[in-house]
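**Student:** Here you go, one structure.
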């Protein structure tokens, strides 16, 4: 059962990967990258349960945080055209 | 069985992403693809039971590197310049390097074999470290005595990186004073 779910998630990741590679716009790639990060977390959790080591779930939480930071930095870059250093310099 | 097939699937995806990174021209897309590569790599490390390495790969590869690359993109340009030289020489260098690495792999002990050096020597560190080195802490004796050259190399690398960062920061400050 868990193995089937694992392969389903892997298949979903492969499909998303196609979008990341072919994606006409950058936002397609960005969304694909975020989805692949989520898929990695799911694979991590499922594989942990498959090998009877559900402690991997803690690592999944850390992955989610990292994924968030990465996407947040990218979106900020898009919105401001920089990582925000200029906006802070303007304030001071 | 499941482990092997999952490994193969992730390796195939990694190959596809690598080709994509090489082929894509927009540097921003390349940064996004590099993040995907790191997440897939971290997943592969977890399947191969190297959780600590996976943690490092996810934190450094997918997290910090993406931010650093974006900072570099902000300072430079987001479009790759057309290559000045031909692409033949870099291809040769890459092939020779890959060949050397694969050749080096053939010298590794077989995966999981009990004849590995790590299982034959060093397992009795606890018993003999005191008489060998005279250091009461076994971890210290392994780090500073049995693997002394290894530690020296690591320290050199960290030292070089620190000097590089210091030099960069120093130049930045001088430039601001000059302008």
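**Student:** Could you check the range B:25-41 and list, in sequence order, the residues that are more than 22 Å from the chain's Cα centre (by Cα) and more than 8 Å from chain A (Cβ to nearest Cβ)?
**Tutor:** Of everything in the range B:25-41, just one residue is more than 22 Å from the chain's Cα centre (by Cα) and more than 8 Å from chain A (Cβ to nearest Cβ), namely B:25.
**Student:** Which one of B:1, B:13 is within 10 Å of chain A (Cβ to nearest Cβ) and buried (at least 17 other Cβ atoms within 10 Å of the Cβ)?
**Tutor:** Result of the check over B:1, B:13: B:13.
**Student:** Further, regarding this structure: Please enumerate the residues belonging to the range B:61-72 that are farther than 19 Å from residue A:42 by Cβ and free of Cβ contacts under 8 Å to residues at least 12 places away in the same chain.
**Tutor:** B:64, B:67, B:68, B:71, B:72
**Student:** Then there is this: Please state which of the following conditions residue B:57 fails to meet, knowing it meets all the rest: (1) modelled with pLDDT under 85; (2) under 20 Å from residue B:34 (Cβ atoms).
**Tutor:** (1)
**Student:** Testing residue A:54 on (1) in a helix (DSSP H, G or I); (2) more than 9 Å from every other protein chain (Cβ to nearest Cβ); (3) over 18 Å from residue B:7 (Cα atoms), one condition comes back false. Which one is that?
**Tutor:** Result: residue A:54 fails condition (1) only.
**Student:** Would you be able to say whether some residue in the range B:73-84 is within 14 Å of chain A (Cβ to nearest Cβ), within 30 Å of residue A:62 (Cα to Cα), in contact (Cβ under 8 Å) with a residue 12 or more places away in the chain and in a helix (DSSP H, G or I)?
**Tutor:** Within the range B:73-84, one or more residues are within 14 Å of chain A (Cβ to nearest Cβ), within 30 Å of residue A:62 (Cα to Cα), in contact (Cβ under 8 Å) with a residue 12 or more places away in the chain and in a helix (DSSP H, G or I).
**Student:** Right, here's the next one. Output yes when any residue across the range B:88-102 is more than 14 Å from every other protein chain (Cβ to nearest Cβ), at pLDDT below 90, under 18 Å from residue B:21 (Cα atoms) and within 25 Å of the chain's Cα centre (by Cα), and no when none is.
**Tutor:** Yes - at least one qualifying residue is present in the range B:88-102.
**Student:** Right, another one. Answer with yes or no whether residue B:22 is in a loop (DSSP other than H, G, I, E, B), more than 10 Å from chain A (Cβ to nearest Cβ) and exposed (fewer than 12 other Cβ atoms within 10 Å of the Cβ).
**Tutor:** no
**Student:** Quick one: how many residues across the range A:1-25 are in contact (Cβ under 8 Å) with a residue 24 or more places away in the chain and either touching a strand residue (DSSP E or B) at 6+ places or on another chain (Cβ under 7 Å) or facing another protein chain (nearest Cβ under 8 Å) (or both)?
**Tutor:** Residues in the range A:1-25 being in contact (Cβ under 8 Å) with a residue 24 or more places away in the chain and either touching a strand residue (DSSP E or B) at 6+ places or on another chain (Cβ under 7 Å) or facing another protein chain (nearest Cβ under 8 Å) (or both): 4 in total.
**Student:** For residue A:29, state whether it is assigned to a loop (DSSP other than H, G, I, E, B) and either free of Cβ contacts under 8 Å to residues at least 40 places away in the same chain or more than 19 Å from residue B:12 (Cβ to Cβ) (or both).
**Tutor:** no
The values are calculated or read from the model by the stated rules, or taken from the named source; none is laboratory data. The structure presented is a predicted model; accordingly, all values stated were derived computationally and were not measured. Positions of Cβ are generated from backbone atoms using ideal geometry, with glycine treated the same way; all protein chains shown enter the neighbour counts.
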